[in-house]
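The values are calculated or read from the model by the stated rules, or taken from the named source; none is laboratory data. These figures come from a predicted structure and were not determined experimentally. Please note: Cβ atoms are built from the backbone with ideal geometry, for glycine as well, and neighbour counts cover all protein chains shown.
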Amino acid sequence: MEQHHVRSLLKPSAYPDPTGSVELVQTHVSYIFLTDNFAYKVKKPVDFGFLNFSTPDRRRFYCEEEVRLNRRLCPDIYLGVAEVRDTPAGAAFVGEGQVIDHAVKMKRLPADRMLDRLLSAGLAGEPEIR
């Protein structure tokens, strides 16, 4: 995904559900777009040898695998794979246009329930990790 696509996905109008804002969180392998109620994780086009997301087909496959595997533990969180389209207004999860990438669509968790914050606060134990 090119940088102009990333910028387009920062617009609330790029999403099917109404949202007041979009926040971008990056990891070494993903762009995570946080809307009011959902998180969309787009895999970056990287190839580390042991991890190869270099083509759109590979990224789609690994999005599908992530949903398949994680739904076993969190079926209410992992909602499916969403298509990123190249629309006249830019990259979006809505509208007409060529499919240019895919994203894992998840229900957004409250920030205070994220495992890193629970661990930092000493509030995560065996039940939260299972």
Given (1) more than 13 Å from residue 103 (Cβ to Cβ); (2) within 14 Å of the chain's Cα centre (by Cα), residue 43 misses just (1)
Checked region 96-110 for anything of a type in the set (Asp, Glu) and surrounded by fewer than 15 Cβ atoms within 10 Å (Cβ to Cβ); matches are 96
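Residue by residue, here is whether (1) among the β-branched types (Val, Ile, Thr); (2) surrounded by 14 or more Cβ atoms within 10 Å (Cβ to Cβ); (3) closer than 17 Å to residue 37 by Cβ; (4) in contact (Cβ under 8 Å) with a residue 60 or more places away in the chain holds:
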position: 72; (1), (2), (3), (4): no, no, no, no
position: 86; (1), (2), (3), (4): no, yes, no, yes
position: 90; (1), (2), (3), (4): no, yes, no, yes
position: 94; (1), (2), (3), (4): yes, yes, yes, yes
position: 112; (1), (2), (3), (4): no, no, yes, no
Is region 92-112 home to any residue that is part of a helix (DSSP H, G or I), out of contact with any strand residue (DSSP E or B) (no Cβ under 8 Å at 6 or more places or on another chain) and farther than 20 Å from residue 43 by Cα?
-> yes
Complete set of residues in region 90-130 that are small (Gly, Ala, Ser), more than 16 Å from residue 23 (Cα to Cα) and modelled with pLDDT of 80 or more = 90, 95, 97, 120, 121, 122
